[in-house]
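*Asks:* Sharing a structure with you now.
All of the numbers you see were taken from the coordinates with simple rules; none came from a lab. From a predicted model like this one, the values you see are computed outputs, not experimental measurements. Don't worry about glycine lacking a Cβ; one is built from the backbone with ideal geometry, like all the others, and counts go over all protein chains shown.
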Amino acid sequence: MARTPLLRAVRVYNLNVSSPLDVENPDLLSVRSVTKFYGKNCVLDNVSFTLKRGEIHALLGENGAGKTTLMNVLRGLTQPNSGQIIIDGAPVQIKTPLDSSRSGIGMVHQHFLLVPAFTVEENLILAGQQHGFLIDQRSIKAKADQICTKLAWNIPYTSRVSDLTVGVQQRVEILKALLGDARIVLFDEPTAVLTPNEVDDLLVVLRALRDEGRSLVFVSHKLGEVMALCDRVTVLRRGHVVGQVAVSDTSPADLARRMVGDDSAELLDEEMSVGTTPRGPGISVSRIEAPRTGKDDVALRDVTFDVGAGQILGVAGVDGNGQEELFELLVGLRKYSSGTISVAGAAVTNLRPSSLTQLGIAVIPPDRQRQGLALSMSIRDNLLFDEIGDKRNRRLGILANRRLDKLALQLRDEFDVRTPDISLPVSSLSGGNQQKIVIARALSKKPAIVLAASPTRGLDVAAAAYVHAKLRKCRDDGAAIILISTELDEVTALADKIAILYEGRIAAIVTPKMSRKQLGLLMGGKSLQESGKMVEGS
């Protein structure tokens, strides 16, 4: 068996990293015996760790281990039930994000804290407001320009955040956090939506921030990044600290097993996709063209591909090359100006979201919080959205709540949603458990076609392997699956064939056995012939 893509990806990073730790007065931040309950659910149980001056400290653990909750405690977004936070040897009270900023802590959030209706510049100005009532807009803009130059980013300051791709929104979130004078910067999955080249650039910047004296806490599920970037690692499992180790004294496999426990180590092995022969018609897209929202030019041009029953088509490309538009078109949120779509051999026109279930199409959206869940509603209700209208779950027009409760518990157990109480709001769950609810709703009814966009975004190694296994099982049961992902390792691990999307066109449809370098060249706009010659000449 081949190692999971997250372990294989380690080799693409430079592991020869040294860190200038201050050995005379090392501890800048100390977290002591922090405990946090949500209802009866203990998400942090007597957690302690230290952050040294001038180090990058990784925080690892499965989804639901408590990493983001701990970051939110340090940022003042949630209050612990007990415990102590010490900075520079003195206890501090962090009750609000403003308290956190005044204590020298900044944070890059996994789920962006941006105002969609505001421009990028207005969001940056809001971030500057924490330093006082008088805001020097020129200074903020100049500082933002300096950071963008370091990162080689071209940020459209006058564009509304809602008009930006997810990748650019992530950059704005990072930029916003770096504008302050924070000595401690918390990064919660900052590379989740970046391309490999953008990740490499970001790691260079994070090392530079460390070298200039800042201390970083780096939450990531990508073990290659942790090994390349970080000095020490603290591992959480189900709210407990289960280990702390120097990166130089560990390995990706060791960290992965610490995260999931020895009893779950088998989750870390995945088989590479070997390609399958279609068992019949699935979904076919022919000569599709679609306009860009509110503009005269087109977002998708002459897009053509077929996915047979029992196959996975991976759609790979650098973020912003039409993936979002293709997904919206396939789920009926965007109209196409020409071309045809066929499902099970029959042409369909003007797909609408309301017709997807009738056609046997299941959807895993790219943003679970905005598009996949009702955060204020219960775990039970989120699991049962698709069941409410089923006549089998009604008696004389009244919902059969006992039957629905039983079904929700079955789905919770089958899809390993880790919660003791399905009546809790879904917002109380970790990102991985939230994603499992989206997966459960999509796959529990044995769909004929699955449209999945970034299905493992922000998931840990075990949760990602779990989702991959569910998608493979769905394929083996005869579903046609379109997987749209910016994670190249995910695409090559799952897909039977890969469509490279570049500037709204399918540049090539290739085998997953193609080299990573050649795939990267295709994603960058090189032709199949050019990329082959460049690989041969390297």
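*Asks:* Looking at the square roots a ≥ b ≥ c of the eigenvalues of the Cα gyration tensor of region 49-120, which shape do they give, rounded for a/c under 1.5, prolate if a/b is larger than b/c, or oblate?
*Replies:* Here region 49-120 falls in the prolate category.
*Asks:* Ala346 to Asp386: extension gain in nm, 0.36 nm per residue of separation minus the Cα-Cα distance?
*Replies:* Extra length from Ala346 to Asp386 when fully extended: 11.9 nm.
*Asks:* Per q in 0.18, 0.30 Å⁻¹, report the Debye log10 I(q)/I(0) for region 319-379, using one uniform scatterer on each alpha carbon and no solvent.
*Replies:* With one equal scatterer per Cα and no solvent, log10 I(q)/I(0) is -0.75, -1.37.
*Asks:* Select from Ala465, Ala499, Ile449 the residue farthest towards the positive end of the dipole of region 446-505; place +1 on Cβ of Lys and Arg, -1 on Cβ of Asp and Glu, and compute about the Cα centre.
*Replies:* Ile449
*Asks:* Another question, then. Work out how much length Ser33 to Asp163 would gain on full extension: take 0.36 nm times their residue separation and subtract the Cα-Cα distance, in nm to one decimal.
*Replies:* Roughly 42.5 nm would be gained on extension.
*Asks:* Roughly what would the spin-label model give for Ser427 and Leu333, points 7 Å off Cα along C-beta, in nm?
*Replies:* Going from the Ser427 label point to the Leu333 one covers 2.1 nm.
*Asks:* Let me ask you something else. Please name whichever of Pro156, Thr78, Ala144 sits farthest to the positive end of the charge dipole of region 51-180, dipole taken about the Cα centre and charges placed at Cβ: Lys and Arg +1, Asp and Glu -1.
*Replies:* Toward the positive end, the furthest listed residue is Ala144.
*Asks:* Count charges around Thr158 for me, please; just the other residues with Cβ under 13 Å from its Cβ, Lys/Arg as +1, Asp/Glu as -1. Intermediate results must be reported in sequence, preceding the final value.
*Replies:* Values: positive: Lys141, Arg160; negative: Glu121, Glu122, Asp163.
Every neighbour counted, the sum reads -1.
*Asks:* Select from Ser251, Leu203, Val219 the residue farthest towards the positive end of the dipole of region 145-255; place +1 on Cβ of Lys and Arg, -1 on Cβ of Asp and Glu, and compute about the Cα centre.
*Replies:* Positive-end residue among those listed: Val219.
*Asks:* Moving to a separate point now. Take the Cβ-Cβ distance between Leu98 and Arg403 as r, set R0 to 60 Å, and report the resulting FRET efficiency rounded to the nearest 0.05.
*Replies:* Efficiency, rounded to the nearest 0.05: 0.80.
*Asks:* Sticking with the crude label model, points 7 Å out along Cα→Cβ, report the distance from Arg292 to Asp416 in nm, one decimal please.
*Replies:* 4.2
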